[in-house]
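S.K.: Structure below; questions to follow.
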Amino acid sequence: LADRHYRLNEEEQGFAQLESAFRNAPLDSLITQNYFRQLLMVSGDKAVLKEIASLKEKFPKEPQVVLTEAWWLFELKRYAEVEKVLAKAMDSFPQSERMSAYLLLSDVYSQQKKPDAARTVLEGYLRDSRQSASFC
């Protein structure tokens with residue numbers, strides 16, 4: 001519905017739909033990413049960081065919140081902070097969130113023109129994915 005409003009140049013209604021979706025499903029990464037991108041345009045970076053702080057407060061042990069924070073830091077090109085956030089929490093992630101963290105780290109290293117580091121991360125991803133597949 002938000003997309004429809006945006007296509008019809010009804011930005012306020014589109015943003016309201018995204019905000020409502022985010023309030024109803026704050027851990028849905030697709031909704032959160034779209035909402036944060038629009039929130040940035042409407043209210044600026046501080047508003048997004050405030051929302052992330054609120055998520056961290058509401059869901060302190062939720063891996064998706066850590067991934068959301070890391071993704072946003074990546075969007076801001078704050079790569080060292082992405083590494084720090086993920087390194088601190090990644091070992092405690094369930095398998096699916098760990099895979100997402102590996103891919104995000106690989107993107108961090110690729111953006112920094114560090115192909116060896118990106119390759120190492122992807123090798124870890126493959127190693128973990130093979131181990132999880134063997135348990136199925």
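S.K.: Applying 1/(1 + (r/R0)^6) with R0 = 22 Å to the Cβ-Cβ distance of Gln131 and Leu27, what FRET efficiency is obtained, to the nearest 0.05? Each step should come with its number before you reach the end.
M.R.: Working: r = 26 Å, r/R0 = 1.17.
Computed FRET efficiency for Gln131 and Leu27 comes out at 0.30.
S.K.: Filter the DSSP H helices in the chain by two things, a Kyte-Doolittle mean of at least 1.6 and an axial alpha-carbon span of 30 angstrom or more, and list the hits by number.
M.R.: Numbers: long enough: none.
Within the chain not a single helix satisfies the rule.
S.K.: Given labels modelled 7 Å from the Cα in the Cβ direction, how far is it in nm from Leu40 to Leu103?
M.R.: 1.9 nm
S.K.: Percent of accessible area on the chain owned by carbon and sulfur, 1.4 Å probe?
M.R.: Details: 4430 of 8550 Å².
It is 52 percent, rounded to a whole number.
S.K.: Might you tell me the accessible area per residue for the chain, computed with a 1.4 Å probe and given in Å²?
M.R.: 63 Å²
S.K.: Still on this model: Would you calculate the separation in nanometres between label points at Glu81 and Thr120, each defined as 7 Å from the Cα along the Cα-to-beta-carbon direction?
M.R.: About 2.4 nm separates the two model spin labels.
S.K.: What number, rounded to the nearest 500 deg cm²/dmol, is the helix-based mean residue ellipticity at 222 nm of the chain, given -39500 (n - 2.57) per DSSP H run of at least four residues and division by all its residues? Can you show the working numbers first?
M.R.: On the way: 8 runs with 110 residues, N = 136.
After summing the helix terms and dividing by residue count, I get -26000 deg cm²/dmol.
S.K.: If you don't mind, there's one more thing I want to ask. Which of the peptides 66-74, 30-38 is most tightly packed, and how do the rest follow, going by the mean number of other Cβ atoms within 10 Å of each residue? Walk me through the numbers on the way to the answer.
M.R.: Numbers: 66-74: 22.0, 30-38: 18.2.
Ranked by mean Cβ neighbours within 10 Å, highest first: 66-74, 30-38.
S.K.: Quick one: compute the contact order of the chain, relative version, from alpha carbon pairs under 8 angstrom and 6+ residues apart, as a percent. Display every interim value, and only then the final one.
M.R.: Values: 106 pairs, mean separation 17.1, N = 136.
That works out to 13 percent.
S.K.: Mean 1/r over all different Cα pairs, inverted: what Kirkwood radius does segment 35-95 give, in Å? Before the final figure, lay out the partial values.
M.R.: Details: mean 1/r = 0.0834 Å⁻¹.
After inverting the mean inverse Cα-Cα distance, the result is 12.0 Å.
S.K.: Right, next: Compute the Rg to Rh ratio over segment 19-136 from the alpha carbon atoms, using the Kirkwood formula for Rh, and round to two decimal places. Mind dumping the intermediate values first?
M.R.: Working: Rg = 14.9 Å, Rh = 15.0 Å.
Ratio value, two decimals: 0.99.
S.K.: Take a quick pass over the chain and tell me how many lysine pairs come in under 25 angstrom between Cα atoms, counting only ones 8 or more apart or on separate chains.
M.R.: Counting lysine pairs in the chain gives 26.
The values are calculated or read from the model by the stated rules, or taken from the named source; none is laboratory data. Values in this document were obtained by computation on a predicted structure and should not be read as measured data. Please note: Cβ atoms are built from the backbone with ideal geometry, for glycine as well, and neighbour counts cover all protein chains shown. Surface areas here come from the heavy atoms of the whole protein model, side chains and all, with no ligands, DNA or RNA. Shrake-Rupley method; radii C 1.70, N 1.55, O 1.52, S 1.80 Å.
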